[in-house]
Amino acid sequence: MSAVAERGSGYSLLFDLFVANGHVRTLLTRALAGAPLRADEYAVYSVLFENGPTSPTELARILGLPPTTISDHARAMVARKHARRRRNQQDQRAHELELTPAGLAAHRATSTQFGRAMRAIEARLQRDPDLVRDSLQALGDAARRANAEPARDPVTGS
């Protein structure tokens with residue numbers, strides 16, 4: 001068990017998450033060196049790969065990212081010809097993003113290297129990956145609910 005994860009260490013759950021995120025980002029940066037996509041890009045492409053055409057609003061909700069960040073990704077993807085915008089079939093005023101054949105190829109090529117990193121983590125996890133995933137999803141859900149509440153002044157509580 002790492003020093004950060006020891007009970008009673010004085011560190012918070014969010015600090016431990018921050019540290020784990022740093023280690024995961026380092027691993028993915030190394031694992032995806034030379035891949036067509038960075039880890040953050042791969043996440044966006046993966047949602048489009050799994051879900052098909054998706055609105056920017058829905059991408060932001062799924063990924064827990066600000067709409068402006070999704071807009072930046074969408075602009076870059078379209079400029080690379082990895083995605084195209086298309087009208088939403090139910091609401092012609094709205095648009096969705098979908099991967100192009102070039103975007104699918106970039107996702108597929110990056111998947112190979114991402115899979116190696118995933119297997120490296122799972123081989124060293126020492127816990128059931130599904131239980132860890134459930135815990136991470138519960139943490140994400142709690143953060144989403146906390147973000148939905150109005151911001152409070154830490155001093156006055158109002």
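Where a number appears in this text, it was derived from the coordinates with a stated rule and is not lab data. Bear in mind that the values here come from a model prediction, so they are computed numbers and not experimental data. Here the Cβ positions follow ideal geometry from the backbone for every residue, glycine too, while neighbour counts run over all protein chains shown.
A few notes on this one:
- Between Thr100 and Ala83, Arg84, the built amide H atoms are under 5 Å apart, and every one of these is 5 or more places off in sequence or on another chain.
- Here the sum of -39500 (n - 2.57) over DSSP H runs of 4 or more residues, divided by the residues of the chain, equals -20500 deg cm²/dmol at 222 nm, to the nearest 500.
- A simple packing score, the average count of other Cβ atoms within 10 Å per residue, orders the peptides 129-135, 70-76, 38-44 as 38-44, 70-76, 129-135, with the highest score first.
- Of Leu17, Ala102, Ala35, farthest towards positive along the dipole that unit charges on Lys, Arg, Asp, Glu beta carbons give the chain: Ala102
- Among the listed options (1) 35, 18, 11; (2) 21, 19, 16; (3) 31, 24, 13, the one matching semi-axes √(5λ) of the Cα gyration tensor in Å as calculated from these coordinates is (3).
- About the Cα centre, charge dipole magnitude for segment 35-147 (Lys/Arg +1, Asp/Glu -1 at Cβ), debye: 380
- Long-range HN-HN contacts of His95 with modeled amide H, under 5 Å: Asn88
- Extension gain, Glu149 to Arg86, is 19.4 nm, computed as 0.36 nm per intervening residue step minus the present C-alpha separation.
- Residue (of Ala117, Ala83, Leu139) at the positive-pole extreme of the chain, dipole from beta-carbon charges: Ala83
- Phi-based couplings in Hz for segment 31-38 (Karplus 6.51, -1.76, 1.60; Gly and Pro marked x): 5, 9, 4, x, 6, x, 10, 7
- Rounded tilt (10° steps) of 101-124 against the dominant C-alpha axis of the chain: 20
- Sequence-separation-based contact order of the chain, relative, with Cα cut under 8 Å and 6+ spacing, percent: 21
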